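Student: Here you go, one structure.
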Amino acid sequence: MNIFSQFENYIKKILEDIDINDETRLFLDRISAEPPRDASHGDISTNAAMVMAKPAGKNPRELAQLIADGLEKLDEVSEVSIAGPGFINLRLSDAFWIEHLSSMFKAGDLYGRGLVSNGAKVNVEFVSANPTGPMHVGHCRGAVVGDALANLLDFAGYDVTKEYYVNDAGGQIGVLANSLYHRYLEALGDDVGAVPEGLYPGYYLIPPAKMLVEKQGDKLKSMSNDERMALLRETSISSMMAMIKEDLAALNIHHDVFFSERELHAKKGGKSTIDTMLDKMRDNGHVYQGTLPPPKGETPEDWEDREQTLFRSTAVGDDADRALVKSDGTYTYFAADVAYFQDKFDRGFERMIYVLGADHSGYAKRLKAVCKAVAGDKAELDVLFCQLVKLMRDGEPFKMSKRAGDFITLREVVDEVGRDAVRFMMLYRKAQAPLDFDFSKVTEQSKDNPVFYVQYAHARVASVFRQVAVDLPDLDVSPKALSEADLALLSDAGEVGLIRKAAEFPRIIEQAARADEPHRLAFYLYELASELHSHWSRGKDSPELRFINHKNAQLTLSRLVLLRSIATVIASGLAIIGVSAPEEMR
């Protein structure tokens with residue numbers, strides 16, 4: 001249950017009962033109910049009077065009073081106040097928070113789940129790195145953001161498919177095959193010298209080259225060029241994809257679908273998927289024969305003015321029409337992009353999300369144009385860009401060894417600091433903002449290390465349950481006993497504050513899912529952990545506030561319900577992010 005949505009609905013009902021016309025009702029969706037920035041102002045703040053005053057033709061303060069009068073009648077509300085030009089602040093009763101804690105505990109790990117969608121099909125495509133080597137640190141952020149976003153949408157109720165688009169049809173695959181052949185000759189003992197410029201020099205091609213020697217001996221030398229290149233392509237792609245999957249697994253990332261670009265070009269019954277797409281787009285008027293103006297900054301003498309097969313993308317929101325066929329008759333990358341989107345739409349996806357690097361920022365408009373041409377209003381497309389990550393140590397730029405040749409591998413980073421630290425910190429800033437990843441900070445055990453701070457909160461809860469077994473061995477702390485605890489005994493302001501903070505979880509899930517912003521969850525988990533640690537510290541000075549009360553077993557049970565509920569929220573949030581929730585930390 002999202003209590004903030006619940007109170008939004010209460011407020012809208014109050015406004016609908018006020019004499020407002022149908023045109024004014026259109027503004028109801030702009031109303032928000034959210035935690036106030038200053039907790040001293042109450043539990044919920046709403047802008048309802050500010051939003052509705054002008055369209056309703058009323059003074060904001062007067063309208064705020066009418067809304068406040070309606071809210072004061074609710075059993076859940078203990079106090080209503082009006083601030084500034086018309087903001088309304090609510091304070092909810094302790095009884096409401098106790099009842100909500102009971103619901104939270106009973107819901108368990110279903111709390112906050114499935115509140116946004118009833119199973120709409122979403123495709124999240126992320127990483128999709130060229131299969132020409134291991135994952136490098138530049139892929140890391142997009143991989144984590146894409147995976148966490150997919151997990152988040154799944155938790156929010158969508159039917160999610162995690163997809164990787166394998167770019168295995170471009171010219172880079174020929175370069176990869178030739179690079180493997182060089183390593184193959186080297187493995188045979190031939191004197192081939194250094195890796196020629198233009199080929200991939202990394203160590204990662206040595207193992208598949210040795211495997212080829214074991215299986216084929218020197219047979220590749222006598223093969224025709226076409227036969228040899230076909231074998232080298234297949235071997236190199238399969239080897240690189242196996243390596244990429246291992247790298248992703250190190251981050252606990254597992255895609256549901258690996259879609260091969262070659263499948264779009266493959267002829268079946270005389271036609272490829274791209275051929276079929278072009279026929280369909282021609283029939284719909286989106287493909288035509290024409291010429292393109294020269295690119296900006298290019299003189300007419302340098303421009304080849306020729307008739308081409310073009311996608312009429314300017315008619316659906318793009319800045320320019322796009323070429324679909326090259327001068328040699330082969331298809332452009334864009335043609336494959338269109339066919340790929342068509343394939344996703346044909347598979348029944350209602351929403352497609354692309355997680356791309358910042359260097360692909362020009363792709364958004366063209367992809368949205370493709371969506372509009374192919375799907376009309378029957379599907380949505382969103383593009384999420386991830387900015388670069390700067391590696392740091394103790395606040396200074398840091399360069400790791402480059403065992404892959406000319407880049408730092410993802411595995412090197414994971415091996416140094418661990419999967420949990422990498423995943424959490426990659427989400428501790430908005431994807432569109434640059435990120436400094438400090439190796440020293442993400443491994444220290446302090447409040448300044450968010451992943452440690454959140455995991456420690458979960459471990460602390462587990463430690464209380466272990467201590468209860470020692471201090472109060474006869475106390476029944478089974479789920480049934482906890483469900484029957486008298487939660488009205490939780491009267492301390494810090495305890496109620498913990499309930500309030502945990503109750504924000506469903507709202508965070510809804511907001512983050514609707515905005516494609518999994519980083520909001522990382523921020524929230526840090527705030528919830530901070531509340532728990534602060535209350536824990538209060539118990540050091542005031543023994544009566546400690547979670548285990550040796551003189552009052554019933555109060556202890558009630559506090560264990562609160563702790564278990566908080567731990568469940570933390571564990572659910574960490575699972576979405578892809579981070580473990582440890583029971584113990586040393």
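Student: Any residue at all in the stretch 352-359 that's in a helix (DSSP H, G or I), surrounded by fewer than 17 Cβ atoms within 10 Å (Cβ to Cβ) and either in the same structural domain as residue 287 (by TED's automatic domain parsing) or not β-branched (Val, Ile, Thr) (or both)? Before the answer, list the steps.
Tutor: Applying the first criterion (in a helix (DSSP H, G or I)) to the stretch 352-359 yields 358-359.
Those still in the list that are surrounded by fewer than 17 Cβ atoms within 10 Å (Cβ to Cβ) too: 358-359.
Next cut, either in the same structural domain as residue 287 (by TED's automatic domain parsing) or not β-branched (Val, Ile, Thr) (or both) only: 358-359.
Scanning the stretch 352-359 turns up at least one residue that is in a helix (DSSP H, G or I), surrounded by fewer than 17 Cβ atoms within 10 Å (Cβ to Cβ) and either in the same structural domain as residue 287 (by TED's automatic domain parsing) or not β-branched (Val, Ile, Thr) (or both).
Student: Failed condition for residue 319, given (1) touching a residue at least 40 places away in the same chain (Cβ under 8 Å); (2) part of a strand (DSSP E or B), with all others met?
Tutor: (2)
Student: Please pick out the residue among 432, 455 that is in the same structural domain as residue 512 (by TED's automatic domain parsing) and not aliphatic (A, V, I, L, M). Can you show your working first?
Tutor: On the way: 432 fails: in the same structural domain as residue 512 (by TED's automatic domain parsing).
That would be 455, the only listed residue that is in the same structural domain as residue 512 (by TED's automatic domain parsing) and not aliphatic (A, V, I, L, M).
Student: Something else about it: Looking for whichever is assigned by TED's automatic domain parsing to the domain that holds residue 243, in contact with a Phe, Trp or Tyr (Cβ under 9 Å, 6 or more places away or on another chain) and not charged (D, E, K, R) here; the options are 127, 145, 175. Which one fits? If you could, list the steps in order and put the result at the bottom.
Tutor: Working: 127 fails: assigned by TED's automatic domain parsing to the domain that holds residue 243; 145 fails: assigned by TED's automatic domain parsing to the domain that holds residue 243.
None of the others qualify; the one that does is 175.
Rundown of residues vs (1) touching a residue at least 40 places away in the same chain (Cβ under 8 Å); (2) among the polar types (S, T, N, Q), yes/no style:
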| site | (1), (2) |
| --- | --- |
| 171 | no, no |
| 176 | yes, no |
| 183 | no, no |
| 193 | no, no |
| 215 | no, no |
| 222 | no, yes |
| 238 | no, yes |
| 241 | yes, no |
| 245 | no, no |
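Student: If you don't mind, another one. Scan the helices (runs of 4 or more DSSP H) fully inside the stretch 225-303 and keep the ones with 2 or more residues being among the hydroxyl-bearing types (Ser, Thr, Tyr) and in the same structural domain as residue 321 (by TED's automatic domain parsing).
Tutor: Working: elements: 225-250, 262-265, 273-283.
By residue number, 273-283.
Student: Tally up the residues in the stretch 80-106 that are assigned to a loop (DSSP other than H, G, I, E, B), loosely packed, with under 14 Cβ neighbours inside 10 Å and small (Gly, Ala, Ser), please. Don't jump to the end; show me each part of the working.
Tutor: First, the residues of the stretch 80-106 that are assigned to a loop (DSSP other than H, G, I, E, B): 84-86, 93.
Filter once more, keeping what is loosely packed, with under 14 Cβ neighbours inside 10 Å: 84-85.
Checking the rest, the ones that are also small (Gly, Ala, Ser) come to 84.
The qualifying residues number 1.
Student: Looking only at the stretch 488-508, which residues are assigned to a loop (DSSP other than H, G, I, E, B), surrounded by fewer than 21 Cβ atoms within 10 Å (Cβ to Cβ) and not small (Gly, Ala, Ser)?
Tutor: Pass one, the stretch 488-508, residues assigned to a loop (DSSP other than H, G, I, E, B): 490-492, 503-504.
Those still in the list that are surrounded by fewer than 21 Cβ atoms within 10 Å (Cβ to Cβ) too: 491-492, 504.
Selection gives 492, 504.
Student: Looking at (1) assigned to a helix (DSSP H, G or I); (2) within 30 Å of residue 124 (Cβ to Cβ), can you tell me which one residue 182 breaks?
Tutor: Unmet for residue 182, out of (1) assigned to a helix (DSSP H, G or I); (2) within 30 Å of residue 124 (Cβ to Cβ): (2).
Student: Sticking with this one: So if I check each of 558, 565, 534, which one is in contact with a Phe, Trp or Tyr (Cβ under 9 Å, 6 or more places away or on another chain) and part of a helix (DSSP H, G or I)? Working first, answer last.
Tutor: Working: 558 fails: in contact with a Phe, Trp or Tyr (Cβ under 9 Å, 6 or more places away or on another chain); 534 fails: in contact with a Phe, Trp or Tyr (Cβ under 9 Å, 6 or more places away or on another chain).
Selected residue: 565, the only one of 558, 565, 534 that is in contact with a Phe, Trp or Tyr (Cβ under 9 Å, 6 or more places away or on another chain) and part of a helix (DSSP H, G or I).
Student: Follow-up. Based on what the data block shows, is residue 296 within 38 Å of the chain's Cα centre (by Cα), surrounded by fewer than 17 Cβ atoms within 10 Å (Cβ to Cβ) and at pLDDT below 95? Spell out the reasoning first.
Tutor: Values: within 38 Å of the chain's Cα centre (by Cα): yes; surrounded by fewer than 17 Cβ atoms within 10 Å (Cβ to Cβ): yes; at pLDDT below 95: yes.
Answer is yes for this residue.
Student: Search the stretch 462-476 for residues that are touching a residue at least 40 places away in the same chain (Cβ under 8 Å) and pair each with any residue that is in a helix (DSSP H, G or I) when their beta-carbon atoms are under 6 Å apart and the residues are at least 6 apart or on different chains.
Tutor: Taking only residues 6 or more apart or on different chains, the pairs are 464/563; 475/553.
Student: Among the listed residues 150, 143, which satisfies the condition of being crowded, with 21+ Cβ neighbours inside 10 Å, out of contact with any Lys or Arg (no Cβ under 8 Å at 6 or more places or on another chain), small (Gly, Ala, Ser) and in a helix (DSSP H, G or I)? Reasoning before the result, please.
Tutor: Values: 150 fails: out of contact with any Lys or Arg (no Cβ under 8 Å at 6 or more places or on another chain).
Going through 150, 143 in turn, just one is crowded, with 21+ Cβ neighbours inside 10 Å, out of contact with any Lys or Arg (no Cβ under 8 Å at 6 or more places or on another chain), small (Gly, Ala, Ser) and in a helix (DSSP H, G or I): 143.
Student: Which number in (1) out of contact with any helix residue (DSSP H, G or I) (no Cβ under 6 Å at 6 or more places or on another chain); (2) more than 24 Å from residue 412 (Cβ to Cβ); (3) crowded, with 16+ Cβ neighbours inside 10 Å; (4) in contact (Cβ under 8 Å) with a residue 60 or more places away in the chain marks the one condition that residue 167 misses?
Tutor: (2)
Student: A follow-up question, please. Does any residue of the stretch 6-24 turn out to be in contact (Cβ under 8 Å) with a residue 24 or more places away in the chain, surrounded by 12 or more Cβ atoms within 10 Å (Cβ to Cβ), farther than 30 Å from residue 117 by Cβ and under 38 Å from the mean Cα position of the chain (by Cα)?
Tutor: no
Yes/no per residue for (1) touching a residue at least 24 places away in the same chain (Cβ under 8 Å); (2) of a type in the set (Val, Ile, Thr); (3) more than 22 Å from residue 159 (Cα to Cα); (4) surrounded by fewer than 17 Cβ atoms within 10 Å (Cβ to Cβ):
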{"site": "342", "(1), (2), (3), (4)": "yes, no, no, no"}
{"site": "345", "(1), (2), (3), (4)": "yes, no, no, no"}
{"site": "349", "(1), (2), (3), (4)": "yes, no, no, no"}
{"site": "380", "(1), (2), (3), (4)": "yes, no, no, yes"}
{"site": "385", "(1), (2), (3), (4)": "yes, no, yes, no"}
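The values are calculated or read from the model by the stated rules, or taken from the named source; none is laboratory data. Keep in mind the model is a prediction, meaning the values are calculated, not measured. Glycine gets a Cβ as well: all are built from the backbone with ideal geometry, and neighbour counts include every protein chain shown.
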